[in-house]
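Take a look at the structure set out below.
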């Protein structure tokens, strides 16, 4: 690729957008990034360029965009973020020790990939022996190794033509977790991926890009866990995951956001499902300042099943936005969305559940439920179902509830001897457990359960931190 | 000392006076039945005893083992040994019966300065009580009352009572809506718990329950007052003549 092709003309499309929609600093960042990666495969360079061009055209969304009505992106657009590299970090990947990661619970997982500011750290990761043919590692390494599955799938599903953040992620695509599971292969061990952000001297951004390709009849569980370490400056974590489940594949995907309040976390999970595949997406939002969680499955073959399960727990001035777009594109598929929100302080939650049933997707069975608990007068939830049905023989239901902790239930628990704080704790745990119970039992669910219990206020009974179902 | 001593109790709910001067004394070992028509204040009395918020005591006194019950929070009353079997047990999705019950038992034990029970100690105890109430052990892992039939909920209340071993048990219409088999099972559970140290107050609308749990005393509550008290034979008389009969009789003080 000749160098001139990546020098961008300020008079081009982006110039018509305001500085807030398209901060010019991104041009500088992209220029530097493009130079640094100019020796890479031409298809990859073209993909990034397309991503940046799209971003330049659309710019960051504002609350005038219907899909962003409830979420103001100014914490991102008004801050100058630098692409993370080792020099700006208070803790560089080289300085990090296994000890530093212990607090995040990595010891619970035999298979653990660690990314520091978006870069894969082989030294901090441990990958046990995996079944024959399974490929797992950093995307950068898999790209460098010219793995064909990467070229065949990367960038083929994510809708970066419409979504500015997905476009930005594609523009700065470099590293992330990459997994290939061959036909009829079962990976028993959950694959745990920890993304640590450590910015300290400057406001940093990273754009992790994950790729999961599961061939026919294969099975795997992947956990993405986003955490912060010693952050002082604002951070911007803009992640995207493409997940392809071929015929009959069974994939469990879990995403946990628990960064600090200075961190803005935008994530997009794009799921492509083929015939009779079964995918579960579990999103657990506990941390971050501004969080946007996009989940976009396309049920593209007959008889697919998709579970979209989520729990968002906000406090102080956190903003937790969940944007679900479930596309039924084939007959006889079923999707289940369950999102529970607990909002305290002045936190603001959003649930946008959009279901599109395409013309040919007869016998679709789609269900959506969003339940919310508001723990303070200042907490806020916006919940919006949106059904677009173009087929005529389908079953689609949706429902949303917003409430406080039920006085009758509190009294019931107190009448059994629990003090008020414990009774509240118990009822919140009960509400969160509805989401936990939809996850398979095992190390991953135990991990999530610990995080939820730590979040809950007044968890005085340390002995009770064990599973509610285990007792 | 009496277990429960209610003196001239007046209670207001949402600005309506519901109880208008109740007098009742319950001693250890006794079983009292409170009967009355709909809206007479039976359930209000039960809820006040369990210290439900917004049930305002405007006059009178309730002594529970000599202590002023009005000063207690619901959890304090529970830890002091009072148990209310709810007329409408509350569903708590997301928490298993076992977890809920163990949390309750340990809250009470903690209050009394006893060691908390771990799952290993707790499970045999609760399983034994479930056998008594002929409840399948699978109920332990099901969410509290969620998806239970009416009869299962009532039996579950008695399991809780059996595990918590209260000094004073107040059963609020535990018999309502039960078929005869469930009624027998619940009655058997309650009868097993009768002891010289424990008192019970059965709030009921129907005399039928009293064929299986024979009370020592029966009180008739009408329009916020106890209008008649007597032995078990009073319940049969009520069954024959209906509540209207009591209203023409002179007002009798509670025992």
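Every read-out reported here was derived from the displayed coordinates using simple, explicitly stated rules and does not represent laboratory data. No experiment lies behind these values; they were computed from the predicted model shown. For neighbour counting, all protein chains shown are included, and Cβ atoms are generated from backbone atoms with ideal geometry for every residue, glycine included.
Largest first, the three principal axis extents of the alpha carbons in the stretch B:133-176 are 28, 22, 17 Å in whole numbers.
Each label was represented as a point 7 Å from its Cα along the Cα-to-Cβ direction; for residue A:261 and residue B:149 these points are 5.2 nm apart.
Taking N as the residue count of the stretch A:52-176, its C-alpha radius of gyration divided by 2.2 N^0.38 Å amounts to 1.30. Within the stretch B:51-76, what residues put their amide N at less than 20 Å from the label point 7 Å along the Cα-to-Cβ vector of residue B:110? Answer for this model: B:72-76. Available extension along the chain between residue A:141 and residue A:65 is 23.6 nm, counting 0.36 nm per residue and deducting the alpha carbon span.
What ratio of Cα Rg to 2.2 N^0.38 Å holds for the stretch A:242-287? So the Cα radius of gyration is 1.42 times the expected 2.2 N^0.38 Å.
Extension gain for residue A:441-residue A:57 works out to 133.7 nm (0.36 nm per residue, less the C-alpha to C-alpha distance). Under a crude label model (7 Å from the Cα following the beta-carbon direction), how far is residue B:181 from residue B:16 in nanometres? About 3.8 nm separates the two model spin labels. Relative to the longest principal axis of the Cα atoms of chain A, helix A:443-455 runs at roughly 70 degrees.
Can you tell me the relative contact order of chain A? Whole percent, Cα pairs under 8 Å, sequence separation 6 or more.
On the way: 1148 pairs, mean separation 42.3, N = 471.
In percent, rounded to a whole number, it is 9.
For chain A, the share of DSSP beta bridges that are antiparallel, to the nearest 5, is 5%. Between helix A:25-36 and chain A there is an angle of about 60 degrees, using the helix long axis and the longest principal axis of the Cα atoms. Were the residues from residue B:192 through residue B:138 laid out at 0.36 nm apart, the gain over their Cα-Cα distance would be 17.1 nm. FRET efficiency for the residue A:99 to residue A:402 pair, using the beta carbon distance and R₀ = 56 Å, is estimated at 0.80. Where Rh denotes the Kirkwood radius from the mean inverse Cα pair distance, what is Rg over Rh for the stretch A:206-299? With Rh from the inverse mean 1/r over Cα pairs, Rg/Rh is 1.04. Based on alpha carbons, the Rg and Dmax found for the stretch A:33-83 are 14.5, 41 Å. Summarising the overall dimensions of the stretch A:102-247 from its C-alpha atoms, the Rg and Dmax are 15.3, 47 angstrom.
For the stretch B:22-61, dividing the convex hull volume of the Cα atoms by the residue count gives 92 Å³ per residue. The spread of Cα positions in the stretch B:100-206, taken along each principal axis and listed from longest to shortest, comes to 41, 33, 19 Å. The sum of -39500 (n - 2.57) across all DSSP H runs of n ≥ 4, divided by the residue count of chain B, sets its helix-only mean residue ellipticity at 222 nm to -10000 deg cm²/dmol. Label-to-label distance, residue A:386 versus residue B:27, with points set 7 angstrom from Cα along the beta-carbon direction: 7.3 nm.
For the stretch A:139-197, the percent of C-alpha pairs falling in each 10 Å distance bin, counted from 0 to the bin holding the largest distance, reads 18, 42, 35, 6.
Any idea what diffusion coefficient chain B gets from Stokes-Einstein, in µm²/s, Kirkwood Rh on alpha carbon pairs, 4 °C, 1.567 mPa s?
It diffuses with D of about 70 µm²/s by this estimate.
Okay, helix-only estimate at 222 nm for chain A: each DSSP H run of n ≥ 4 adds -39500 (n - 2.57), divide by all residues, round to 500 deg cm²/dmol; what do you get?
Taking each H run of at least 4 residues, the total per residue is -6000 deg cm²/dmol.
A Stokes-Einstein calculation at 25 °C with viscosity 0.890 mPa s, built on the Kirkwood radius of the stretch A:160-228 over Cα pairs, returns a diffusion coefficient of 174 µm²/s. As I understand it, the value is the acute angle between the Cα axis of helix B:150-164 and the longest principal axis of the Cα atoms of chain B; what does it come to in degrees, rounded to 10? Here the helix axis deviates by roughly 80 degrees. Rounded to 0.05, the FRET efficiency of the residue B:214 and residue B:237 pair, given R0 = 22 Å and the Cβ-Cβ distance, is 0.90.
Taking each pair of distinct Cα atoms in the stretch B:149-255 once, what is the resulting Kirkwood hydrodynamic radius in Å? Don't skip to the answer; put the middle values down first.
Values: mean 1/r = 0.0680 Å⁻¹.
In the stretch B:149-255 this quantity evaluates to 14.7 Å.
The spread of Cα positions in the stretch A:393-439, taken along each principal axis and listed from longest to shortest, comes to 51, 23, 14 Å. Treating each Cα of the stretch A:233-390 as an identical point scatterer and summing with the Debye formula, the log10 of I(q)/I(0) at q = 0.12, 0.13, 0.18 Å⁻¹ comes to -0.50, -0.58, -0.99. Our summary gives chain B a relative contact order of 27 percent, counting only alpha carbon pairs under 8 angstrom and 6 or more residues apart. When peptides A:399-406, A:150-157, B:166-173 are ranked by their average number of other Cβ atoms within 10 Å per residue, the highest-first order is B:166-173, A:150-157, A:399-406.
Here is the tail figure for the protein assembly as shown: Cα pairs spaced more than 47 Å apart come to 33 percent of all pairs.
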